[in-house]
Each structure stands twice: as C-alpha cells, then as structure tokens.
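Step one of this worksheet: look at the structure below.
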Amino acid sequence: MKRQIFAPEHEAFRATVRSFLAREVLPYYEQWEKDGVVSRDAWRAAGKQGLLGFAVPEEYGGGGTPDFRYSAVLAEEFTRAGAPGLALGLHNDIIGPYLTSLATDEQKRRWLPGFCDGSLITAIAMTEPGAGSDLQGIRTHAEDHGGHWVLNGSKTFISNGILADLVIVVAKTTPEGGAHGLSLLVVERGMDGFERGRNLDKIGQKAQDTAELFFRDVRVPKENLLGDLDGAFVHLMTNLAQERLSIAVSAIAAAEHLLEITTEYVKEREAFGRPLATKQHIRFEIAEMATECAVTRTFLDRCIADHDNGELDAVHASMAKWWATELQKRVADRCLQLHGGYGYMSEFPVARAFTDGRIQTIYGGTTEIMKEIIGRSLLG
Ligand SMILES: Cc1cc2nc3c(=O)[nH]c(=O)nc-3n(C[C@H](O)[C@H](O)[C@H](O)COP(=O)(O)OP(=O)(O)OC[C@H]3O[C@@H](n4cnc5c(N)ncnc54)[C@H](O)[C@@H]3O)c2cc1C
C-alpha cells in the first residue's frame, strides 16, 4: 500500500539521510562496534547536516519544524542501514522535547545551540539498579542547600552514558512525596562528583554506549532544575508518548527491512533442487509476515499523523510500542530461521538485526508495562 503521510520534502530529506549514512556512518561502523562507542565527529557531522534538533526554534540553531515525519524518516533510514549506535533519535525525539518544552529562556540559550550543532550530546537517566519499570523506587536524591542541590545516587543502562555532556537525571527532591516528589535535574560533564561507570557489554547495539552513572555529592546549581520542582512524573508522562512512538517507528521499519532481505534470500537459496521460495511453508511464512507488517504500518502511519496533530494519547502510543516491537521480535526470529545457519552468522544483516532489535520490547517501557497502561485506561 502506498504510504500517504509523506510530502516531497520528506522524501528529499530521506535522500539526505541516506547519503549521510553512506558518508559519515557506515564506513566507520565496524570500528565503532569494536570501540563500543561512536565517534564525536559523527555527532558534529550530523549537526552540520541538519539532522539534529528539527523541532528546536531557529533562533537556537534548530530546524524550527516540529514535524515528527522528519524523525520518522531518520529512524527508518538508520534502522534499514543497521546502524542504531549513533543515537540521533534518542537525542532528537526523546530528550529534545524536555529541553524545548521545559527549559527556561536562559537554559535554552545555554544548551540548545550545542544540542543542534552536535557538540552537546544528551542522555536521560531514569533507571537505577533497583528501579526500572517502577520509577517510584528511585533512590537517587537531591537535597536543597539554598543556592544549589546536592545530588547522590546512581543510574544504570543509560544510553549515550559515556559520551553525554548533558544528562537529565530523575531524582527525589521531596522524600515523602512518592511519585510526586521527583524532579528533573540537569547534570553536566565536568561537575565534581559526577562519574561514569562501565560501558556495559550488551548482546546487541554494540556501537551504542550504555553506561552506569554515579553521583557523589554533586553540586547541581538551582538554575539546572528542568521544569517544575517535584514535577518530573508529570513531565515524564507527557514526553513518554513520543518516546514510545519513536521506538515503534523504528520497530516497524526493522520488520519491513528484515522481510525484504529475507524475501530476496529465499528466492536465491536452493534446497532439494529448487529455490526455498517454491516451498509452501516458506511462502506462507513470508505471506504472514507481509500481512502483519502491512497492517502494523497502517496503524503506525496513522499514529505519526495523529501525533503531528497533537492527538496521539499515551494509550495509543503504548499500543503502537508493544505491538510493533513484539512484531519486530517475531519477524526477526522467523527471518533468521529462514536463513538457516547463515542467519546465525554475525556478518549477515539478519543476525545483527536479531540481536540489535531484541531490546526494543524492553526499553522505553516494557511490553508488560504498555499493556498495564492500556488495561488501566479500559478497566480502571
Ligand atoms: C540497552 C538499554 C538502553 C537503555 N537506555 C536507557 C536510558 O537511556 N535511560 C533510562 O533511564 N533507562 C534506560 N534503559 C533501561 C530500561 O528502560 C529498563 O531496563 C526497562 O524500563 C525495564 O526496567 P528493568 O530492567 O528494571 O526491569 P524490571 O522493571 O525489573 O522488569 C523485569 C520484568 O518484569 C516485568 N514487570 C515489571 N513490572 C511489572 C508489572 N507491574 N506487571 C507485569 N510485569 C512486570 C517487566 O515487564 C520485565 O519483563 C535502557 C536499558 C537497556 C537494556
């Protein structure tokens, strides 16, 4: 089915992203995977190319276009290229909205130009060793010392954790406040007491730096409170819909790409004297996956359009996230099976997509938590 959400300018942007990938990402990707981290030069190049901060007002160096379709194109092309390590989507779609919607004018002047030119890499730190799905278990806390906060605690599994220059940290500011005693504090590279732990060794997304972060008596100036005091929970709930949509968009793109390469593979690979594509079981596998992808794509494109119209709610974003990522997981498994032993070889894109994609049903809220949100909306 022909997609209906894009205009010619989005397709022109797609061509730009493809040439950026060919020039600035793919030649270096193998090395980044060995290093466990991408190069800062790639971030600078992305800034120069206009791939950072589409939604940031032009006065701060951004594109001034809060049109999520550009984010969708970026996510689709990076997914197709098998290059999740350079986490531009995390920076633009997940962290960007916190800065554009919550920062004061002074904070915007301090952070947004670097955000857009690639010199200021960002991260968001919610998860702790003892608190993932249940953010009420957060123990990282900040004490009010008049002109500044004193922050103590630790975070884990933080994407961009090694490279980040600016980290939005979710911390308890009112101990007895429960979910409504949490605030967003911005911790910057070089603050005394802010340390990074290990670059964590993952089964996939090897070029993405995912790290532990430690805060020991970090003095965070009062000017680095982002949004309302004790307002983190509400801010997170507002922004998580776009985070979930962004993950869902890359999930359907991954499933479609896997289907494409597997369709080609079964046409070429022969067994028992004929191409695999002539066997009924294989044809049914491809037919089922194509149907599931087409149905999911229709829903996802509608979610993207609704989001641009300000109409995508948390429940539909949760539906999109769990459905598309679980589809991606199923398709990756079935496509790997259709490749036989070659599917298990790291040099085959299907193998990489299998391990790179496995995290999708976990981060940004697990499948089970998405179902909780949907169930609560229907059943109370
Ligand atoms: C590669 C990677 C990158 C990440 N990036 C970031 C990041 O940048 N910033 C950040 O803050 N976090 C990040 N995370 C953390 C991620 O968001 C959490 O791992 C995720 O939210 C799950 O939390 P958890 O690991 O503590 O699992 P748990 O919360 O311990 O869950 C374990 C299992 O129990 C299930 N479960 C939990 N509660 C319920 C319930 N009420 N009902 C039914 N089942 C339930 C879960 O669905 C899951 O299957 C990242 C994680 C990874 C692996």
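Filtered by the rule that a residue be closer than 25 Å to Gly118 by Cα, open to solvent by less than 60 Å² (accessible area, probe 1.4 Å) and part of a loop (DSSP other than H, G, I, E, B), the range 162-192 gives Ile162, Leu163, Ala164, Asp165, Met191. Among the residues of the range 202-223, at least one is away from the ligand (no atom under 15 Å from the Cβ), in contact with a Gly (Cβ under 8 Å, 6 or more places away or on another chain) and open to solvent by less than 10 Å² (accessible area, probe 1.4 Å). Is it true that some residue in the range 194-206 is among the charged types (D, E, K, R), modelled with pLDDT under 95, in contact with a strand residue (DSSP E or B) (Cβ under 8 Å, 6 or more places away or on another chain) and under 23 Å from Ile94 (Cβ atoms)? Yes, the conditions are met somewhere in the range 194-206. Taking Tyr60, is it hydroxyl-bearing (Ser, Thr, Tyr) and within 26 Å of Val350 (Cα to Cα)? The answer is no for Tyr60. Got at least one residue in the range 45-61 being closer than 28 Å to Asp306 by Cβ, buried (at least 20 other Cβ atoms within 10 Å of the Cβ), in contact (Cβ under 8 Å) with a residue 24 or more places away in the chain and within 15 Å of the ligand (Cβ to nearest atom)? No: the range 45-61 contains no residue that is closer than 28 Å to Asp306 by Cβ, buried (at least 20 other Cβ atoms within 10 Å of the Cβ), in contact (Cβ under 8 Å) with a residue 24 or more places away in the chain and within 15 Å of the ligand (Cβ to nearest atom).
The number of residues in the range 327-378 that are on the phi < 0 side of the Ramachandran plot and either within 14 Å of the ligand (Cβ to nearest atom) or open to solvent by less than 40 Å² (accessible area, probe 1.4 Å) (or both) comes to 33. Only a single criterion out of (1) under 30 Å from Pro175 (Cα atoms); (2) open to solvent by less than 40 Å² (accessible area, probe 1.4 Å) is not satisfied by Thr238, namely (2). Each residue in the range 150-161 was checked for being part of a strand (DSSP E or B) and either crowded, with 23+ Cβ neighbours inside 10 Å or within 16 Å of the ligand (Cβ to nearest atom) (or both), and 8 pass.
The values are calculated or read from the model by the stated rules, or taken from the named source; none is laboratory data. Note that the structure is a prediction, hence the values are computed from the model and not measured. Backbone-built Cβ (ideal geometry, glycine too); neighbour counts: all protein chains shown. Areas reflect the complete protein model, heavy atoms only, side chains present, ligands, DNA and RNA absent. Shrake-Rupley method; radii C 1.70, N 1.55, O 1.52, S 1.80 Å.
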